[in-house]
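Q: Handing you a structure now.
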């Protein structure tokens, strides 16, 4: 029996590793040598200084906020179970209440840091919302988190009540399924958007054809009343695929070539199946993550008991923090692939360089942040690396007859 | 229970003269003009009262009597206007009237409380405004904002014209609103420093509560956890989501039940169980969201699982005509329900601040909230065919004393 179990575990781990290996390939050439970039020369000394000054506060705030979060959840894991008396419902309802209260405490622990960040953004004219709007939005965003937590508790505790310690396997599968559904459905939440103008539309169609995809919906989202930050994103899978550009990208601060690079980059996410891959990675990590939660919460009688929920929240936060470097590495890998596809599509390294220097200028993004922060928090390659990739691409083009 | 310094007394026998009911609004016009003038004078007098209390700690008897006369008179006028009483009131505010207030003579008052009276009175005025009864919420706003008492008068007008009698539940709700308004005005105008109490038991004689198939069971201890209070609205979100889904299923079940009940005369037991659980669950969620209830409710609407609970009798035979026209018959109770939702919002808003501050829900607000939850539950139960009993609006928390008027099977019982 023990041998059978060991074999099952081995097979499971092998299948996991195989799936991970299948998800890893990228069109970025292996061993691509990124040339050194003179950051001051490319971005300008003043821009680099301003960006560093701007980012410095976040580099201080982040460890503090994480310490506050973990400290709060640790306290809650020790004492939170007493809030079970505030529930008149059964174990699952009580578990939901405990999960929501834990998140409420976590939110409160982050509030001072969020407030300082918001103040900092406003001070640098990167946010146009008032404090009241911000607080209101933050409070109601917490509501969405509550609903998500309740759904997770329902699934986990529902399975734990019936399957005991084996809940993690079906629960991880169901949660991954829900993640896939939400990836599909999330584009329908973008409401304040309008279609592309004819030029962009024509460019987008050309790029779609070039990257071998079609049927993507293209939209411009109005955010200029809230922030001057420039951004774009790809969302959805299958028939819900969308590429959304913020209207701040089209306000004249970025050249046509730079905007086209953004467009090709976002289409690149779709043509590289990054949304699918992201969901698949989530599913892959949901399995061991759920297993760890099961092991950790055993000491509180397992997740069939609401008293274990506060501990599960702490374990989840620790796990998320521990996996953050891998998550950001994966994200950087996908972003680099989309950048490469954008270069392959537009053949415009100059436009790419204008885009990335523009990001540093308009969004105060540090072109060359400290290695530890990039390792932990960097979801995109650094702006310097992205400029270097554009140069590397151009160099390869010159070498290719 | 210690008597309030401003007490409502009701000696109304529910009978109404159809002719005066038909022209009630016009007949009340001279009173409204006189009330406005007296109100202006009372306002000036209350400024002098304020100064007197600040210096002396007690109101001069003459001024107190003048303002008290205004509060009594306004109670008479509103009772007449909103059909809570029938006889044409006198203009002096001194003669006895079927819906009246007794006001204690001047007593010592705290100077700080008097100094900040305008601010302190705000919560009571918010409740009075939501109830729309009495001088605390002037009659124009009661009509325009659709306060509870305005809806009572609107429905009572039709019922009184048809039956020459005001439905007891509606009358009791109206007098309650008017009585609370009188308390709020008395407090604002410095007749007393006792804060208005929204418990409906402070009416003499206490209103009676006939037996109903959908009843309130109140076991709440008023204690509230501050963290749960602070995030109450967000904590209720999963319940709102689940309630929306359940509501869809309940409507479908009610449609099916409607067809079957039309044929068989009784709602099938499984459907009755399902819909009764829905009614209970909706009541639990409403109580939680409005702070009438403390703990986080369960998701299945199990009887006895929540401190603000709804007890539902088993399925009973229903008249087919009543079933056929259930939606139309339910409109008056829906109107009352909607008006009460405004008052429930006031309960939730004020209760939120009070509970966050004291860790305890004010008794009066909790009771008012609980009775509104019960009325909502009775309305749901009636519309969903769980019971043929019409919702009963009297805002008494508990008690099953026999009513002078049995719970009827139609809107007249509202």
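The values are calculated or read from the model by the stated rules, or taken from the named source; none is laboratory data. Everything numeric here is computed off the predicted structure, so don't read it as measured data. With ideal geometry, Cβ positions are generated from the backbone for all residues, glycine too; neighbour counts draw on all protein chains shown.
Q: Residue under question is residue B:279, and the condition is that it be more than 29 Å from residue A:137 (Cβ to Cβ) and under 29 Å from the mean Cα position of the chain (by Cα); does it hold?
A: Yes, satisfied.
Q: Please state which of the following conditions residue B:288 fails to meet, knowing it meets all the rest: (1) without any contact (Cβ under 8 Å) to a residue 40 or more places away in the chain; (2) part of a helix (DSSP H, G or I); (3) within 14 Å of chain A (Cβ to nearest Cβ).
A: (1)
Q: Related question: Scan the range A:26-57 residue by residue and report those that are in a loop (DSSP other than H, G, I, E, B) and either in contact with a helix residue (DSSP H, G or I) (Cβ under 9 Å, 6 or more places away or on another chain) or modelled with pLDDT of 90 or more (or both).
A: A:26, A:27, A:28, A:29, A:32, A:33, A:34, A:35, A:36, A:37, A:38, A:44, listed by residue number.
Q: Taking the range A:59-83 as the search range and keeping residues that are more than 25 Å from residue A:118 (Cβ to Cβ) and away from chain B (no Cβ under 14 Å), which one is surrounded by the most Cβ atoms within 10 Å (Cβ to Cβ)?
A: Once the filter is applied, the top-ranked residue is A:77.
Q: Do you know which of the residues in the range B:218-239 that are exposed (fewer than 14 other Cβ atoms within 10 Å of the Cβ) and within 11 Å of another protein chain (Cβ to nearest Cβ) is nearest to residue B:363 (Cα to Cα)?
A: By that ranking, first place goes to B:223.
Q: May I ask you to verify whether residue B:336 is more than 14 Å from chain A (Cβ to nearest Cβ), over 30 Å from residue A:98 (Cα atoms), in contact with a helix residue (DSSP H, G or I) (Cβ under 7 Å, 6 or more places away or on another chain) and part of a helix (DSSP H, G or I)?
A: Yes.
Q: Of the residues in the range A:227-249, how many are crowded, with 18+ Cβ neighbours inside 10 Å and either in a helix (DSSP H, G or I) or free of Cβ contacts under 8 Å to residues at least 12 places away in the same chain (or both)?
A: 2
Q: Going residue by residue through the range A:43-57, is there one that turns out to be in contact (Cβ under 8 Å) with a residue 40 or more places away in the chain, surrounded by 20 or more Cβ atoms within 10 Å (Cβ to Cβ) and within 14 Å of chain B (Cβ to nearest Cβ)?
A: no
One line per residue, one yes/no per condition, for (1) within 30 Å of residue A:134 (Cβ to Cβ); (2) in contact with a strand residue (DSSP E or B) (Cβ under 8 Å, 6 or more places away or on another chain):
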residue	(1), (2)
A:230	yes, yes
A:239	no, no
A:248	yes, no
A:252	yes, no
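Q: Taking the criterion of being within 19 Å of residue A:305 (Cα to Cα), touching a residue at least 60 places away in the same chain (Cβ under 8 Å), facing chain B (nearest Cβ under 10 Å) and assigned to a helix (DSSP H, G or I), would at least one residue in the range A:143-151 satisfy it?
A: No, the range A:143-151 contains no residue that is within 19 Å of residue A:305 (Cα to Cα), touching a residue at least 60 places away in the same chain (Cβ under 8 Å), facing chain B (nearest Cβ under 10 Å) and assigned to a helix (DSSP H, G or I).
Q: Moving on. Name the one entry in B:354, B:315 that is outside any helix (DSSP H, G or I), crowded, with 18+ Cβ neighbours inside 10 Å and away from chain A (no Cβ under 14 Å).
A: B:315
Q: Also, quick follow-up: Could you list, in sequence order, all residues of the range B:46-66 that are under 21 Å from residue B:112 (Cα atoms), in contact (Cβ under 8 Å) with a residue 24 or more places away in the chain and part of a helix (DSSP H, G or I)?
A: Residues satisfying the conditions are B:46, B:49, B:50, B:53, B:54, B:61, B:64.
Q: Name the single residue that is nearest to the other protein chains (Cβ to nearest Cβ) among those in the range B:299-312 being buried (at least 19 other Cβ atoms within 10 Å of the Cβ) and under 20 Å from residue B:251 (Cα atoms).
A: Within the range B:299-312, the match that is nearest to the other protein chains (Cβ to nearest Cβ) is B:299.
Q: Follow-up. Restricting attention to the range A:381-401, report how many residues are part of a helix (DSSP H, G or I) and modelled with pLDDT under 85.
A: Summing the residues that are part of a helix (DSSP H, G or I) and modelled with pLDDT under 85 in the range A:381-401 gives 3.
Q: Report, by residue number, each residue of the range A:42-93 that is within 16 Å of residue B:235 (Cβ to Cβ) and under 30 Å from the mean Cα position of the chain (by Cα).
A: If the condition is that a residue be within 16 Å of residue B:235 (Cβ to Cβ) and under 30 Å from the mean Cα position of the chain (by Cα), then A:76, A:80, A:92, A:93 are the ones that fit.
Q: Based on what the data block shows, is residue B:27 buried (at least 16 other Cβ atoms within 10 Å of the Cβ) and out of contact with any strand residue (DSSP E or B) (no Cβ under 9 Å at 6 or more places or on another chain)?
A: No, not satisfied.
Q: Tally up the residues in the range A:84-96 that are part of a helix (DSSP H, G or I), at the interface with chain B (Cβ under 7 Å from one of its Cβ atoms) and within 21 Å of residue B:219 (Cβ to Cβ), please.
A: 2
Q: So, residue A:123, is that one within 12 Å of chain B (Cβ to nearest Cβ) and surrounded by fewer than 16 Cβ atoms within 10 Å (Cβ to Cβ) or not?
A: It is false that residue A:123 is within 12 Å of chain B (Cβ to nearest Cβ) and surrounded by fewer than 16 Cβ atoms within 10 Å (Cβ to Cβ).
Q: Based on what the data block shows, is residue B:296 within 11 Å of another protein chain (Cβ to nearest Cβ), crowded, with 16+ Cβ neighbours inside 10 Å and without any contact (Cβ under 8 Å) to a residue 24 or more places away in the chain?
A: Answer is no for this residue.
Q: Any idea which of B:101, B:67, B:48 is under 20 Å from residue B:174 (Cβ atoms) and in contact with a helix residue (DSSP H, G or I) (Cβ under 8 Å, 6 or more places away or on another chain)?
A: From the options B:101, B:67, B:48, the qualifying one is B:101.
Q: Then there is this: So, of the residues in the range B:276-285 that are out of contact with any strand residue (DSSP E or B) (no Cβ under 8 Å at 6 or more places or on another chain) and more than 13 Å from chain A (Cβ to nearest Cβ), which turns out to be surrounded by the fewest Cβ atoms within 10 Å (Cβ to Cβ)?
A: B:277
Q: Answer yes or no as to whether residue B:114 is in contact with a helix residue (DSSP H, G or I) (Cβ under 8 Å, 6 or more places away or on another chain) and either modelled with pLDDT under 95 or not in a helix (DSSP H, G or I) (or both).
A: Yes.
Q: If you scan the range B:357-374, which residues turn out to be surrounded by fewer than 20 Cβ atoms within 10 Å (Cβ to Cβ) and out of contact with any helix residue (DSSP H, G or I) (no Cβ under 8 Å at 6 or more places or on another chain)?
A: B:357, B:358, B:363
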